[in-house]
Amino acid sequence: MRHKLRTFAFALLALVALLGSALLDYYLPEHSITSITGVEVKLADKDGPISRQNPADQPVRDMYLIYTQHAIDDVRVYRNEDTGWGWPFYFKFDASDVQATANAIANARQPAYLTSYGWRINMLSLYPNVTAIRLAEAGEATWSFFRWFWFALWFTLLAAAGWGLYRVTRRQPDATNKDMT
């Protein structure tokens with residue numbers, strides 16, 4: 001019985017580790033240096049951009065898109081939307097200004113330094129959201145102390161939880177089964 005409980009507890013911890021890591025990867029800011037190849041504004045609803053396959057069936061909004069290219073075969077599309085006061089708490093209210101900056105950098109054909117969060121999932125028409133954009137400086141790195149600090153803290157907490165779980169569930173002699181000789 002104790003072995004099954006231990007297996008279940010570690011499986012649950014692994015699931016929490018996986019889900020927590022995915023949430024951190026999605027919501028923590030990521031930096032990239034890339035070339036902007038174009039910008040566009042599309043009408044969208046909660047299902048994604050309006051098209052023949054996805055007619056407008058809900059209230060629509062403008063969705064700013066930023067097209068980038070890092071290498072010949074490495075193209076990426078970003079969305080540029082305000083987060084407002086809601087989740088995630090980036091308090092971004094300047095999507096139009098970010099779009100204008102992206103357009104100016106694209107016209108100047110200069111490398112851009114983008115800060116974004118989210119994943120690109122083609123099948124679901126999901127795009128990472130740009131929170132900030134500016135001209136990239138020569139030799140600038142994209143490593144983020146903030147992002148890796150939170151990952152390190154998360155893995156430290158998981159290691160502590162795993163160690164505590166191991167200590168609680170490790171096999172100890174049962175006091176009732178002592179030899180009475």
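In a reduced charge model with +1 at each Lys and Arg Cβ and -1 at each Asp and Glu Cβ, the chain shows a dipole moment near 980 debye about its Cα centre.
Model label points for S96 and V75, set 7 angstrom from Cα along the Cα-to-Cβ axis, are 2.9 nm apart. 3J(HN,Hα) couplings calculated from phi for the range 32-49 with the Karplus curve 6.51 cos²θ - 1.76 cosθ + 1.60 (θ = phi - 60°) are, in sequence order, 8, 10, 8, 9, 8, 9, x, 9, 7, 10, 10, 7, 9, 10, 5, 7, x, x Hz; Gly and Pro show x. Taking the Cβ-Cβ separation of Y166 and L28 as r and a Förster radius of 25 Å, what is the calculated FRET efficiency to the nearest 0.05? Efficiency, from the Cβ-Cβ distance: 0.30. Each peptide in 59-65, 163-169 receives the mean, over its residues, of other Cβ atoms within 10 Å, and ordering these scores from highest gives 59-65, 163-169.
Calculated FRET efficiency, L153 to L124, Cβ-Cβ distance, R0 = 45 Å: about 0.95 to the nearest 0.05. Note on the chain: Rg/Rh from C-alpha atoms, Kirkwood Rh, equals 1.20.
Here the range 20-120 yields Rg over Rh of 0.98, to two decimals, using C-alpha coordinates and the Kirkwood radius. Between V41 and F89, the C-beta separation translates, for a Förster distance of 30 Å, into a calculated FRET efficiency of about 0.75. In the chain, taking the dipole from charged Cβ atoms about the Cα centre, the farthest positive-side position among L126, T115, L19 is held by L19.
Taken together, the values in this text are just the output of simple stated rules run on the coordinates, not laboratory data. No experiment lies behind these values; they were computed from the predicted model shown. Neighbour counts run over all protein chains shown; Cβ positions are idealised from the backbone, glycine included.
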